[in-house]
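Below is one structure; the comments refer to it alone.
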Amino acid sequence: MSVTREKPVVSKILQKNMLELLSNGIRIDKRKLDEYRKISYQVGIIEKADGSALLSLGETMVLVGVKVELGQPFEDTPDQGVLVVNAELLPLASQTFEPGPPDERAIALARYVDRSIRESNTVDLKSLTIVQGKICYVVYVDVYVLDYGGNLVDASVLAAVKALENTKIKKYELDENGKIMKTEKVESLKLNDFPVSITFGIINNKYFVDPSLEEEQACDTFLTFTYTKSGNICAVMKNEQGLIAPAQVIEMMELGWKKAKEISSLMLGGQKGND
Amino acid sequence: MSLKKQLINEQGIRTDGRGIDDLRPIKITLGYLAHANGSVLYEQGKNKILAAVFGPSEVHPKHAELPDRAILRVRYRMAPFSTEERKSPAPTRREIELSMVIRNALESVVLTELFPRTAIDIFIEVLQADAGTRVAGVTAAALALADAGIPMKGITAGCAVGKVDGKIVCDLNDIEDKEGEADMPIVYIPTLGKISLLQMDGLMTQEEFKQALSKAINSAMKVYQLQVNALKTKYIKVER
Amino acid sequence: MSGKPIVVPGEILTSGYYRVGENTIKLDNSIIATKVGIPQTKGNTIRVIALKSFYIPKIHDLIIGVVSEVYYNMWRVNIFSPYVAVLPAVDVFGRRFDPTKDNTLKKMDAGTVLKARITFFDRTQDPVITIRGEGLGVIEKGFITYVNPSKIAKLIGKKGNMLQKIEQLTNTKITVGQNGVILIETQSISAKDKVIKTIKLIEREAHLSNLGDRVTKILKEDEENELEKTTN
């Protein structure tokens, strides 16, 4: 059962200042309406994982670990490997995160990351078949939110894709008796795309990209688009309770694509910060 | 791999005989249940969705209550027999996500601030699923809330659109949802001109997204007309 | 059967200069309905008479409730509202109430039916009721039924004439709690059934025209049926 949560208390002065600044096109942290916070990342920092990425977006920090194991393909897709995305909002990331199994916020986050990767066909699932209908690779993507400073979605999608890019598969093959054997070969996971998600915060019909924690607490609602490399849209999600006018949805979609192109060019390579 | 099935023929007719902008037949039975404060059986094509509302009532456990408004508690569930293959009765991640998405779509229309420290329970049971159940669920929930006499700012009307055989199509059925290229559920409040739920998965160009959004809003307006008619006639019609 | 125009939540009632009445809110420059019901203007106030509602306590309201929980210093009373009422022990035992000597449970246990008045309520705290006052207290006998609170005005009628008519034609005494709970005092089961049937008719058709005629008809109809039964 999904239950109304208490809205964080935002000081009225802060809210007023935020609105005043927004109508002049500025934000409380002096960013422009279409400006992202600093993005930096490191890949491969978890040696025991098959792929990993630690990414910060402003004060938000997300660690994604990828593990590739053997498993069974789904019955309806016998010629494909399996992708599993899970997300944990760790209690050390925020006082509002509680210990225990993933709650609805964590599940919604995991499912959005999953859709962004799956619908853009980023992981080449067909290349993960070993024996059709019997054995395949299962790619487990675990999103660990370490520090919650707003805009978990964009940070998680980026970190997940960087971790997948960094993933190496230990190859298994069938021997002459038809038995599955681990080989010495290691291959990079084959990726087809590089999806980027862009999240907008909306207060009083004013929208801006990449809401910080303070802004998030004052926002009425959020809208996220995920774009493929070629500019198609592969996932959309409106989050939280507020309302959006249809015309603004289209404006955000267009602005989002501009930002997605910028961010994806920042994300090339193995280790980087955009300062 | 077998060849992909054609879902729209040369004349623009879909597998169930509809044109690309047509909705499935919708049937609304208000006050379907005797004991809930408000209820509805909402049928859209093969979808059969039962929504019921209880409350506002005292909150248990007490600490869950909010001092300045009523809380909404939403449960979206699919019956084990509602799908082609039996669905396990345990709540799935999808159901947990959709319960939240549906609650978010309703929170901004229910005047919860009028009933501080109480709870309004909304139960959505999908008895038979045939694509578009989350938006049908929000549509049904709005009807059940109005039927329960719970004050609202407007009525939420939902419809899904999608991309099938390269075309933007309204109100996907099961096969179009499974085989189609994209699915975009939306919930719209016609009297406010605002969107309260928007999701999309699949692949669309930005041009297609624009077209899909405008078709979704048109479809939601059609659903809204039926909701209004049902609410008005339930009380005008007197059965003996 | 014809009815008055019915509005639904979100429907614009007027964009003119009016005051916001019951079941309406101001949105931008219009007044909109928030419930399914019939709009009504009185002076410069516009309101919607809801077709279905629930009871929100008002100070001085006469209500009928059922004790749901007993504590050492109070009773909690179900008043068929989103809010559960509190009856303080002091109200029953008097100002010299002593929790070490006076036993609330022995006085009234769960299930006790009360006729009471609301003495305090502001939505931030549970409503407080009293059973001190004329005609208030524990109800020992009679029959209890329920009508949706949105229909109480119609059930009572102008200057109480509808209620009087039902009482006269069924030879019963009826107390209507503002919370929709109704006490029917009579010895006759058939009279009680007739009252309930009439109340259900009013609940169903209150918004339609010629309600009075239909109520008279149903009350007389039953009389004839009963005559038939007794003569057979």
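Would the range C:13-24 turn up any residue that is within 9 Å of chain B (Cβ to nearest Cβ) and either modelled with pLDDT of 95 or more or within 29 Å of B:G31 (Cβ to Cβ) (or both)?
Checking the range C:13-24: at least one residue is within 9 Å of chain B (Cβ to nearest Cβ) and either modelled with pLDDT of 95 or more or within 29 Å of B:G31 (Cβ to Cβ) (or both).
If the requirement is being within 11 Å of chain C (Cβ to nearest Cβ) and of a type in the set (A, V, I, L, M), which of these qualifies: B:A136, B:A131, B:A212, B:A146? Can you show your working first?
Numbers: B:A136 fails: within 11 Å of chain C (Cβ to nearest Cβ); B:A131 fails: within 11 Å of chain C (Cβ to nearest Cβ); B:A212 fails: within 11 Å of chain C (Cβ to nearest Cβ).
After applying the criteria, what remains is B:A146.
Tell me the helices (runs of 4 or more DSSP H) entirely within the range C:131-210 that contain at least 3 residues that are open to solvent by less than 30 Å² (accessible area, probe 1.4 Å).
Answer list for the range C:131-210: C:161-170, C:189-205.
Quick check, is C:G10 over 23 Å from the mean Cα position of the chain (by Cα) and within 7 Å of chain B (Cβ to nearest Cβ)?
Numbers: over 23 Å from the mean Cα position of the chain (by Cα): yes; within 7 Å of chain B (Cβ to nearest Cβ): yes.
So C:G10 fits the description; yes.
Report, ordered by the first and then the second residue, all pairs with beta carbons closer than 8 Å, sequence separation of six or more or different chains, a first member in the range B:173-191 that is over 17 Å from B:V135 (Cα atoms), and a second member that is small (G, A, S) and open to solvent by less than 10 Å² (accessible area, probe 1.4 Å).
B:G180/B:G162; B:G180/B:G202; B:E181/B:G162; B:E181/B:G202; B:T191/B:G154; B:T191/C:G10
Give me the strands (runs of 3 or more DSSP E) completely within the range C:61-127, filtered to those with at least 1 residues that are open to solvent by 70 Å² or more (accessible area, probe 1.4 Å) and aliphatic (A, V, I, L, M), ordered by residue number.
On the way: elements: C:62-70, C:74-78, C:85-88, C:113-120.
It comes to none.
Please go through the range A:101-111 and pick out each residue that is more than 9 Å from every other protein chain (Cβ to nearest Cβ) and in contact with a strand residue (DSSP E or B) (Cβ under 6 Å, 6 or more places away or on another chain). Steps first, answer last, please.
Start the filter on the range A:101-111 by keeping residues that are more than 9 Å from every other protein chain (Cβ to nearest Cβ), which leaves A:101, A:106, A:109.
Correct list: A:A106, A:L109.
Scan the range A:153-190 for residues that are of a type in the set (A, V, I, L, M) and either assigned to a loop (DSSP other than H, G, I, E, B) or open to solvent by 50 Å² or more (accessible area, probe 1.4 Å) (or both) and jot them down. Break it down stepwise before answering.
Start the filter on the range A:153-190 by keeping residues that are of a type in the set (A, V, I, L, M), which leaves A:153, A:155, A:157-161, A:163-164, A:169, A:174, A:180-181, A:186, A:189.
Passing the criteria: A:L174, A:I180, A:M181, A:V186, A:L189.
Please enumerate the residues belonging to the range A:200-229 that are more than 9 Å from chain B (Cβ to nearest Cβ) and assigned to a loop (DSSP other than H, G, I, E, B).
The answer is A:N204, A:N205, A:D210, A:P211, A:S212, A:C219, A:K229.
Would a scan of the range B:56-70 turn up a residue that is of a type outside the set (K, R), in contact with a Ser or Thr (Cβ under 6 Å, 6 or more places away or on another chain) and either farther than 30 Å from A:P102 by Cβ or not in a strand (DSSP E or B) (or both)?
Yes, the range B:56-70 contains a residue that is of a type outside the set (K, R), in contact with a Ser or Thr (Cβ under 6 Å, 6 or more places away or on another chain) and either farther than 30 Å from A:P102 by Cβ or not in a strand (DSSP E or B) (or both).
Taking the criterion of being of a type in the set (D, E, K, R), surrounded by 12 or more Cβ atoms within 10 Å (Cβ to Cβ) and either away from chain B (no Cβ under 14 Å) or in contact with a Pro (Cβ under 7 Å, 6 or more places away or on another chain) (or both), would at least one residue in the range A:18-25 satisfy it?
So the first thing to find is which residues in the range A:18-25 are of a type in the set (D, E, K, R), and the list is A:20.
Within this subset, residues satisfying the condition of being surrounded by 12 or more Cβ atoms within 10 Å (Cβ to Cβ) are none.
No, the range A:18-25 contains no residue that is of a type in the set (D, E, K, R), surrounded by 12 or more Cβ atoms within 10 Å (Cβ to Cβ) and either away from chain B (no Cβ under 14 Å) or in contact with a Pro (Cβ under 7 Å, 6 or more places away or on another chain) (or both).
Quick check on my filter: what residues within the range B:167-194 are within 13 Å of another protein chain (Cβ to nearest Cβ) and open to solvent by 40 Å² or more (accessible area, probe 1.4 Å)?
Those that are within 13 Å of another protein chain (Cβ to nearest Cβ) and open to solvent by 40 Å² or more (accessible area, probe 1.4 Å): B:K178, B:E179, B:E181, B:T191, B:L192, B:K194.
Looking at the range B:91-119 only, could you name the residues that are out of contact with any helix residue (DSSP H, G or I) (no Cβ under 7 Å at 6 or more places or on another chain), more than 21 Å from B:A220 (Cβ to Cβ) and not polar (S, T, N, Q)?
Scanning the range B:91-119 gives B:P91, B:R94, B:E95, B:L111, B:E113, B:L114, B:F115, B:P116, B:R117, B:A119.
Would you check if there is a residue in the range B:103-110 being charged (D, E, K, R), farther than 14 Å from A:R5 by Cα, without any contact (Cβ under 8 Å) to a residue 60 or more places away in the chain and touching a strand residue (DSSP E or B) at 6+ places or on another chain (Cβ under 7 Å)? Spell out the reasoning first.
Pass one, the range B:103-110, residues charged (D, E, K, R): B:103, B:107.
Within this subset, residues satisfying the condition of being farther than 14 Å from A:R5 by Cα are none.
No, the range B:103-110 contains no residue that is charged (D, E, K, R), farther than 14 Å from A:R5 by Cα, without any contact (Cβ under 8 Å) to a residue 60 or more places away in the chain and touching a strand residue (DSSP E or B) at 6+ places or on another chain (Cβ under 7 Å).
If you scan the range A:40-55, which residues turn out to be assigned to a strand (DSSP E or B) and surrounded by fewer than 21 Cβ atoms within 10 Å (Cβ to Cβ)? First the steps, then the outcome.
Filtering the range A:40-55 for residues assigned to a strand (DSSP E or B) gives A:40-43, A:51-55.
Result: A:S40, A:Q42.
Output the residues belonging to the range B:217-228 that are under 17 Å from B:R134 (Cα atoms) and within 9 Å of another protein chain (Cβ to nearest Cβ).
Passing the criteria: B:I217, B:Q227.
Residue-wise test of (1) outside any loop (DSSP other than H, G, I, E, B); (2) crowded, with 23+ Cβ neighbours inside 10 Å.
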site: B:P91; (1), (2): no, no
site: B:E97; (1), (2): yes, yes
site: B:D121; (1), (2): yes, no
site: B:A142; (1), (2): yes, yes
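Conditions tested, residue by residue: (1) of a type in the set (K, R); (2) within 11 Å of chain A (Cβ to nearest Cβ); (3) under 13 Å from the mean Cα position of the chain (by Cα).
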residue	(1), (2), (3)
B:F81	no, no, no
B:E97	no, yes, no
B:V101	no, yes, yes
B:L106	no, yes, yes
B:V110	no, yes, no
B:L114	no, no, no
B:D121	no, yes, no
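Considering only residues that are basic (K, R) and either in contact with a Phe, Trp or Tyr (Cβ under 9 Å, 6 or more places away or on another chain) or closer than 20 Å to C:I64 by Cα (or both), which ones fall in the range C:102-119?
Residues of the range C:102-119 that are basic (K, R), as a first pass: C:106-107, C:115, C:117.
Passing the criteria: C:K107, C:K115, C:R117.
If B:E125 satisfies all but one of (1) in a strand (DSSP E or B); (2) closer than 30 Å to C:D28 by Cα; (3) open to solvent by 10 Å² or more (accessible area, probe 1.4 Å), what's the number of the condition it fails?
Single failed check for B:E125: (2).
Filtering the range B:69-79 down to residues that are within 9 Å of chain A (Cβ to nearest Cβ) and open to solvent by 10 Å² or more (accessible area, probe 1.4 Å), which residue is nearest to B:Q199 (Cα to Cα)? Full working, then the answer.
Residues of the range B:69-79 within 9 Å of chain A (Cβ to nearest Cβ): B:69-76.
With open to solvent by 10 Å² or more (accessible area, probe 1.4 Å) added as a condition, the list becomes B:69, B:73, B:75.
On the way: B:R69: 27, B:R73: 21, B:R75: 19 Å.
For the range B:69-79, the residue satisfying everything is B:R75.
The values are calculated or read from the model by the stated rules, or taken from the named source; none is laboratory data. Note that the structure is a prediction, hence the values are computed from the model and not measured. Using ideal geometry, Cβ is built from the backbone for each residue, glycine included, and neighbour counts are taken over all protein chains shown. Quick note on the areas: whole protein, heavy atoms, side chains included, nothing else; ligands and nucleic acids left out. Shrake-Rupley method; radii C 1.70, N 1.55, O 1.52, S 1.80 Å.
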